[in-house]
Structures are given as C-alpha cells and as structure tokens.
1. Starting from the amide H of residue B:352, placed 1.01 Å from N in the peptide plane, find each other amide H under 5 Å away whose residue is 5 or more places distant or on another chain.
2. Could you work out the mean projected area of the convex hull around the alpha carbons of the stretch A:107-149, in square nanometres to one decimal?
3. Would you mind ranking B:78, A:68 by Cβ crowding within 10 Å, fewest neighbours first?
4. What average count of beta carbons from other chains do you get within 10 Å of the Cβ of residues in A:47-57?
5. Calculate, in whole percent, how much of the Cα-Cα pair population of the stretch A:96-204 lies beyond 18 Å.
6. Over all alpha-carbon pairs of the stretch B:25-128, lay out the pair-distance distribution in 5 Å bins, whole %, shortest bin first.
7. Which pairs in the list B:321/B:343; B:20/B:321; B:20/B:146; B:146/B:224; B:20/B:295; A:104/B:346 are over 22 Å apart, alpha-carbon to alpha-carbon?
8. Quick check on the exposure proxy: order A:172, B:237 from fewest to most C-beta atoms within 10 angstrom.
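Where a number appears in this text, it was derived from the coordinates with a stated rule and is not lab data. Everything numeric here is computed off the predicted structure, so don't read it as measured data. Cβ placement follows ideal geometry from the backbone for every residue including glycine, while neighbour counts extend to all protein chains displayed.
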Amino acid sequence: MRYDLQIIASWIEPDSRVLDLGCGEGELLSFLKKEKRVSGTGIESSEAKVTKCIENGVQVLQGDITEEVHDYPDNAFDYVILSQTLQQVLEPDLLIKELLRVGKKIIVSFPNFSYWSIRLQILFFGYAPKNRQLPYEWYNTPNIRIITIKDFRRFVKETGCKVIREVDINTHSDNLQGNIINFLPNLRATYGIFMVSRRNNGES
Amino acid sequence: MSEYIEPDRDGISVGQVEKKIHTFAEPPLEIVLESGARLGPITVAYETMGAINADKSNVILIAHALSGDSHVAGYYSEDDPKPGWWDTMVGPGKGIDTNKYFVICSNVLGGCMGTTGPSSENPATGRPYGLAFPVVTIGDIVKVQKELLDHLGIAKLLAVVGGSIGGMQVIEWAISYPEMVASAILLATTTRHSALAISFNEIGRQAIMSDPNFNKGDYYSGAKPDIGLALARMVGHVTYLSDEAMRDKFGRRLQDRDNLSFDFDANFQVESYLRYQGSKFVERFDANSFLYITKAADYFDVGRQHGHDSEVEAFANIKAKILTISFTSDWLYPTYQSRDMVKAMKKNGLDVSFCEIEATCGHDAFLLPNERQSTMINRFLKRVSEEETNAL
C-alpha cells in the first residue's frame, strides 16, 4: 500500500465509518475492512477501478467526488479521506467544507509544492517543476492547485477548523516506502497528511 | 428485453432443468391484489438450478423482465436447441454460480409461460380471463413470488437479481420483505418509468388493442391480434437497442437485394430484422400479457407506493446490500435514473455500490455476455455470502 495510505490507515479507529474519495481500486478500504472492521465506502470516477473495488469486496460508487458527497447526511462518517486528490479539485474550499459536514474528521493528503527540489527547478531552470510525484507538463497536469504544507495550515486556520494531526513525509520506491519529516517539513517533505475537524469537533 | 439465446460459447451449462408448478390461493382464500381485486387460484411456474445447502443460506431469486420466463438457464431436454434466456450469466462457474448457489426463477403473475395470467382459465366462466383479468402491479408479482418461496420453505434470500422490469421486482422485494433479502442486484432498471418509457409501452398497447382481431381481449378461440403484438414488439425492440448498436449491426445495408424496390417491402436489413423479431415473438407470447406486464411496469413508482412520494422514505427499511449497474447507451432506463435511486439509498446510509458500464448495445446490455458485469456480480455475491456467514 502507498506510504501515505499506510499512515492514514494507522490513524483510523477500529469499527469506524469511513468514506474514501478517489478510492482507486479500494486498497485502503479493503485493508481497513479486514484489519479494523471498518465499514467503508469509496467514490471513484473510473469504471475500471470501480469494477476492481467491487471485485475486491469494497463498497463503491462510480461518480464525481464533488457531486457524490452532497447526498450524505451530516456526520454520516467518522472519517472522510481525500488522499492525493485535493490538488486536482476545482473548488477545494467548498469541497473541504462539505467534507467536514459529512465527516466528523477529514484526512487530507497532498503533494507539497514547496519541496526544495521544486523550488530549485523554478529558481535555476525557470520551468514548471516536474518530478516523480508531479510527472506532468504544465499543459496536461491534472494538478491544477498549487498547495504547500504552510498554505494548508493557514487555510485550515482561516476556515475556522483545526488540525488534529499532521504528518509530513518524504516517499520513495514508487511511494511504497518513506519517512516522516519533522525538521523543516515545508522544505523537505514531498507530501503533507492532515487530520482536520470542525472547531466543535462535530460532536454536537 | 430481447432474445439473445445462444448456447454458451464454452459449452458450459447448468444442464437439464424442469419447469415445475405450484398452485395456491384456491377460493375462498384468494389473494387480495393492490387494486383491491381478489384473484385465485394462482399457479406459478418456476425452475430451480443448483443445490440448496443445509441451512438454506445460498438461495438466489432471479426476476425476469417483460418477455422472459422461468427458463433462465439450462435446457429442457437433451435435444433442446436453445438454453434459457440468461444462460450466459447463470451456470457452473458463471456470474451466478450454480455450483455455489441454489437459483430460483419463476414466471411473473400476468405472464403467459405457465403462471396465471390473462390467458389462464377464469374459474367464474370456465373460459380464458382476457381483460377480465385484474390489473396487477409489481407488488402483486412479488407477493406471488413470496408465496412460492414460502411453499418451498425458504425464509431468506442471499440475493434477488433482475434487470429492467426484473430490477423493479428486486427493488420491491428489498422494500417489502427487508428481513428476507440479504442483497439486491439491480441491472439497467429504475424506480419509476419516465414519460418516454411509458410512451413506448402505450404505443405497444395501442398497436395490440387496435388490431382487428383483438376483440376486447377475447381472442383465444379465434384469430389472435398477431399484427398488433408484432408491432408492439418491433417498437419495444428498438427501445432496447441504441443508435450506435443499430448503426453497427445494420447501418443502411439492404436485405437480399442491391437496389431499392420502390414499394413497401422490407428493403433495409433493419426492417427485415424487426419484422422477423415481431413475427417470432407472436409465436410464444400472449398479447394480453404484454398489456398487463407493461401496465404493471408503468404503474411502478417506488416513492408513491412506499414513501408518500419520497424515495428516501421508501428505502428507509431496506436491509439489503445493493449492487446497481447501469449502461451508458441505455436510453430507456438511462443512468440518471440509477443515480437518482442510488442517491436516495445513500441518504438512508444503505450499503450500496454503483457502476456504470460502458456499453454500446443499449438497454439490452444487461442480457448480453459481459465479462465485467458477470465478474462484478460474482464477486459481490461472494462478498455478501461471506459476510452473511460471518454474521451468524
């Protein structure tokens, strides 16, 4: 399983209800179902991946995450997971607000655009950065939102929410392995992973 | 639904099956229909495949669509040239695996393939019912299936599976008998017909009723309204296909000729094909059954019948895990209808999965061999089966 998903999985309490947005082939949900008796559902736009989820015994809906999320009642889930997708969303602020309505806690992971090698690429070469995490050209990248770890912290603060947990990581070996970055994460981490809740923690 | 009955390419089949009947609701114990009318006695024709296990936990009920019947898979005899209508899905190792599950399929109430319908004898007159047969609903059809299961001593269904009008019965099952249904598989179906779907049914019914032989439905002793029924079938058949499927299959190709004939013979392949489909259909189907079953489908409206016009309320008591599949080119039961249904299920926190399969062959896609559909159904059933076992 992808390294960021391993960390996310470790944050999920047993027997909780989980919504995984952009769940791919259902790897994380399948793991959580087996290891933590989680009742989970995924949303995925690709028919092929949805088929795989169902084959893997994972509950899944084919659709667009920004549309599908509206149908759920308030606090329908203990956790809503948005892993490596935020940077591809047209209106991230509205989506996060909606996620905080349907989930008591949300877990968001995203590539950190202020990673030192990205900074250097712009500084020295003057081209839009490319690396293993961001392998696209400017004209075909699905990553339309440039987010840094510091941006996200500020965003959470400004929207009146709070960060419950934050882990910044640097991954390698096709993202399957990695390590946690504690010192200067905004410069040294390739991904940020945040658990966020409403100020009142959604318990009211 | 159309007929695509061909022997399995790999020669895999559930083998020989037998049509059985069960009769109940003998007067004065008639059943009361949704309309308030009483009906009895009722005979149900059904077929079973596979073996039931000791705790009767492996039972799957399949609900057929408009022109289907109890003969879902297998052959009636060794020299039977054609298998049942869903032989590609139901059989050993197939999507619905008869090595694992005990499969039941019965002909619908109002049908003409062994279950009581307008062509059955009316006990009050000793002659076929014709239009004296009461209008039945999807709810009534399901009630009769429930009677059959009671008779067979089956208290729990691992799954109810159906496409099109069969899917409506599956929804009805999940709502009306929530404790009995562990899972529901809904293929190319809807919670209520659109105006478009009702329109095509009405055209078909009008074609039948305006046939000179229709005689107010009392035609069983003379010539039948074959022309009307064939026309109804032709219209219906078009709605089961798609522009793309018809373009691929027929285009504007001519049938057995090189030039146009400048008369009203069937010049185009598609004309000839539709005429053939129509003429074949009248050999095996009763025109009155077409009226009754299409009416039941048009009347079906989950919100109105079960939820004070709210589908969210109608689904509130469902306990079944649900798999919904729609097809991109299905314009009779388009994907938006499946999505609306899924939306109402989500609002109830139901365990629901949904997939829209890319397919060019229109509404009929659910009947055609489709690896993706078969695999999803197979694995979904496996999951439900395991979870049911673990829950014990």
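1. Amide H to amide H, under 5 Å and 5 or more residues apart or across chains, residue B:352 pairs with B:322.
2. Result: a mean projected hull area of 3.3 nm².
3. By the 10 Å Cβ count, ascending: B:78, A:68.
4. The mean count of partner-chain Cβ atoms within 10 Å per residue comes to 6.
5. Percent of Cα pairs beyond 18 Å in the stretch A:96-204: 54.
6. Here the calculated profile for the stretch B:25-128 is 3, 12, 17, 19, 16, 13, 11, 7, 3, 0.
7. Correct reply: B:20/B:321; B:146/B:224; B:20/B:295.
8. A:172, B:237
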